[in-house]
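The values are calculated or read from the model by the stated rules, or taken from the named source; none is laboratory data. These numbers were taken from a predicted model, which means no experiment stands behind them. Please note: Cβ atoms are built from the backbone with ideal geometry, for glycine as well, and neighbour counts cover all protein chains shown. Surface areas here come from the heavy atoms of the whole protein model, side chains and all, with no ligands, DNA or RNA. Shrake-Rupley method; radii C 1.70, N 1.55, O 1.52, S 1.80 Å.
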Amino acid sequence: KAGVTQTPRYLIKTRGQQVTLSCSPISGHRSVSWYQQTPGQGLQFLFEYFSETQRNKGNFPGRFSGRQFSNSRSEMNVSTLELGDSALYLCASSSNRGPAKAFFGQGTRLTVV
Amino acid sequence: AQSVAQPEDQVNVAEGNPLTVKCTYSVSGNPYLFWYVQYPNRGLQFLLKYITGDNLVKGSYGFEAEFNKSQTSFHLKKPSALVSDSALYFCAVRDDVSGNTPLVFGKGTRLSVIA
């Protein structure tokens, strides 16, 4: 079974630009979550999608948005990039059962210059 | 809202010695608890989880964790550390109240095993 696939692996963007990151979950998984990882803040929850609906949302500004498609693939968009948005963005997929473990992709390393 | 605390940013241990990485949590209902490990430039890998039942949970690579409800802790342990265990470890919790709450992570603990 293929794992969680995130593309691209690396991105360099300029302040003020926007960026779209993609995540393909494990086949059959309908829940996709996004996290931002930075050295100082650890892993911070961005949002979770389930069956094309945003089910949970973390404490991030409106510049961060996402969506999920009917095939469960998810995209995350960040508009008007700031230097502080530089981070590793991780996507995780899981089945809908409460105690189900999450499977993570390798992440997208975003650098804003 | 649920939360996780990992009080140590860094843990150093000699190879062959036992290791403990600490984690405490806060939830409204009963917790689902997880440990993940991250190697450089990689995503997170699942180690083990506690749902219910025995307080001692065994996981991958010889790791285990002990659930303590009265102390709201879920410390990760290994009897004999290996240099290859050096990595970043994350504790995570999900509240079972609705089953649809997000998985919340601690800030991580960097484990360094010295030969």
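Restricting the range B:44-64 to residues that are within 14 Å of chain A (Cβ to nearest Cβ) and touching an Asp or Glu at 6+ places or on another chain (Cβ under 8 Å) leaves a set whose member that is surrounded by the most Cβ atoms within 10 Å (Cβ to Cβ) is B:VAL57. Among the residues of the range A:77-100, those identified as open to solvent by less than 30 Å² (accessible area, probe 1.4 Å), assigned to a strand (DSSP E or B), more than 8 Å from chain B (Cβ to nearest Cβ) and not small (Gly, Ala, Ser) are A:VAL78, A:LEU88, A:TYR89, A:CYS91.
So that you can scan it fast, the table gives a plain yes or no per residue for (1) over 18 Å from A:PRO8 (Cβ atoms); (2) crowded, with 17+ Cβ neighbours inside 10 Å; (3) more than 8 Å from chain B (Cβ to nearest Cβ):
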site	(1), (2), (3)
A:GLN37	no, yes, yes
A:PHE47	yes, yes, yes
A:SER74	no, yes, yes
A:ALA102	yes, yes, no
A:GLN106	no, yes, no
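Residues of the range B:65-99 that are open to solvent by 60 Å² or more (accessible area, probe 1.4 Å) and of a type in the set (S, T, N, Q): B:SER70, B:GLN71, B:SER84, B:SER98. Based on what the data block shows, is B:SER84 among the hydroxyl-bearing types (Ser, Thr, Tyr) and within 24 Å of A:GLN37 (Cβ to Cβ)? Here the answer is yes, as B:SER84 does meet what is asked. Among the listed residues A:SER70, A:SER51, A:SER33, which satisfies the condition of being among the small types (Gly, Ala, Ser) and away from every other protein chain (no Cβ under 13 Å)? Checking each option against the conditions leaves just A:SER70. Sort out which residues of the range B:2-32 are touching a Leu at 6+ places or on another chain (Cβ under 9 Å), not in a loop (DSSP other than H, G, I, E, B) and not β-branched (Val, Ile, Thr), and write them in order of number. Those that are touching a Leu at 6+ places or on another chain (Cβ under 9 Å), not in a loop (DSSP other than H, G, I, E, B) and not β-branched (Val, Ile, Thr): B:GLN10, B:ASN12, B:LEU19, B:TYR25, B:TYR32.
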